[in-house]
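*Asks:* Got a structure for you, written out below as structure tokens; questions coming shortly.
Bear in mind these aren't lab numbers, they're just calculated from the coordinates by the rules spelled out. Keep in mind it's a predicted model, so treat the numbers as computed, not measured. We place every Cβ from the backbone using ideal geometry, glycine too, and count neighbours over all the protein chains shown.
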């Protein structure tokens with residue numbers, strides 16, 4: 001291996017260590033505060049500084065494409081809300097094990113569980129919960145676990161392995177148990193498949209951009225979208241339950257459970273997967289339009305050519 005490559009690897013290793021040290025220090029500071037105080041501080045800092053970061057230009061471009069009816073002032077307000085929500089979500093993650101269902105104060109409420117989720121679970125067998133990066137999506141597993149439902153989640157690992165380990169250990173420390181997490185990729189997909197085959201419950205964040213997948217509309221724009229959720233659901237003929245989180249305030253959340261989606265069954269698996277994936281994006285779009293500032297607009301969700 002050349003000296004240049006060795007030096008490059010050393011630089012990356014050093015950068016990853018520095019990033020992990022920064023993340024550990026930030027999380028330690030937030031953990032020293034109450035959930036509400038931490039969320040207020042982190043949300044305020046993120047709202048003030050986030051819009052100045054270059055990635056906010058991607059959010060503005062996304063909003064201009066997806067919601068052209070918005071003027072510049074509305075887009076700036078939404079981007080500020082995106083950053084504030086992200087800051088609050090990070091802060092809440094540090095103490096999320098302390099958030100409980102409660103009618104007031106720090107914690108969360110759950111609506112629609114008895115009407116939509118409980119009857120599905122009573123029948124037994126596997127089920128899929130799908131959501132997006134909306135509100136604080138991290139509260140869904142503990143909210144379900146408080147009702148005796150252990151959801152295994154597919155997740156995208158951080159590119160920095162040290163940071164990824166910090167986040168995983170933080171989750172486990174908060175929940176007091178090992179969390180079922182399946183990394184995105186072929187190995188994780190096999191683990192998730194086996195989990196469903198055993199009658200397990202699988203949670204999926206389905207709003208991230210992919211270089212593969214299938215192209216279905218999101219806000220009327222073709223978007224490469226993972227078809228794994230639809231493939232799993234049709235393969236196992238299992239219920240698909242839409243769940244998303246609405247932020248009421250700092251460390252105050254509402255988990256909203258909706259009725260199970262209808263599964264297409266034409267006999268043409270490819271067409272059925274496409275139809276269910278398209279409907280999944282329709283649900284996501286509805287949630288996002290209801291509260292645009294709650295979604296993570298910061299990534300290039302649509303084809304690269306649209307960002308030139």
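*Asks:* In whole angstrom, how far apart do the alpha carbon centroids of the stretch 25-82 and the stretch 141-176 sit?
*Replies:* 23
*Asks:* Now a separate question. Of the candidates 49, 63, 276, which one comes out as most mobile in a Gaussian network treatment of the chain with C-alpha springs shorter than 10 Å?
*Replies:* Comparing 49, 63, 276 in a Gaussian network model of the chain, the most mobile one is 49.
*Asks:* In terms of the Cα gyration tensor, with a ≥ b ≥ c the square roots of its eigenvalues, is the stretch 99-224 rounded because a/c is under 1.5, prolate because a/b exceeds b/c, or oblate?
*Replies:* Since a/c stays below 1.5, the shape of the stretch 99-224 is classed as rounded.
*Asks:* Can you give me the relative contact order of the stretch 3-307 as a percent, contacts being Cα pairs under 8 Å and 6 or more apart?
*Replies:* 25
*Asks:* OK, next. Where is the GNM fluctuation largest for the chain (alpha-carbon springs, 10 angstrom cutoff): 95, 235, 252?
*Replies:* 235
*Asks:* Related question: Compute the FRET efficiency between residue 164 and residue 248 as 1/(1 + (r/R0)^6), taking r as their Cβ-Cβ distance and R0 = 30 Å, and round to the nearest 0.05.
*Replies:* 0.50
*Asks:* Please identify which residues in the stretch 123-154 have an amide N closer than 15 Å to a label point set 7 Å out from the Cα of residue 237, following the Cα→Cβ vector.
*Replies:* What the label zone holds, given the 15 Å backbone N cut-off, is 124-127.
*Asks:* Here's another thing I want to ask about it. Using label points projected 7 Å from each Cα along Cα→Cβ, tell me how many nm separate residue 64 and residue 33, to one decimal.
*Replies:* 3.4
*Asks:* Moving on. Which one, 70, 93, 196, has the greatest fluctuation when you compute a Gaussian network model over the chain with C-alpha springs under 10 angstrom?
*Replies:* Ranking 70, 93, 196 by mean-square fluctuation puts 70 first.
*Asks:* Provide 108, 193 in ascending order of the number of other Cβ atoms located within 10 Å of each residue's Cβ, fewest first.
*Replies:* Sorted ascending by nearby Cβ count, the order is 193, 108.
*Asks:* Measure off 7 Å from each Cα along the Cα-to-Cβ vector at residue 103 and residue 19, then give the distance between these two points in nanometres to one decimal.
*Replies:* It works out to 4.6 nm between the two label points.
*Asks:* Give the separation of the Cα centroids, the stretch 85-119 to the stretch 251-284, in Å.
*Replies:* Taking the Cα centre of the stretch 251-284 as reference, the centre of the stretch 85-119 is 23 Å away.
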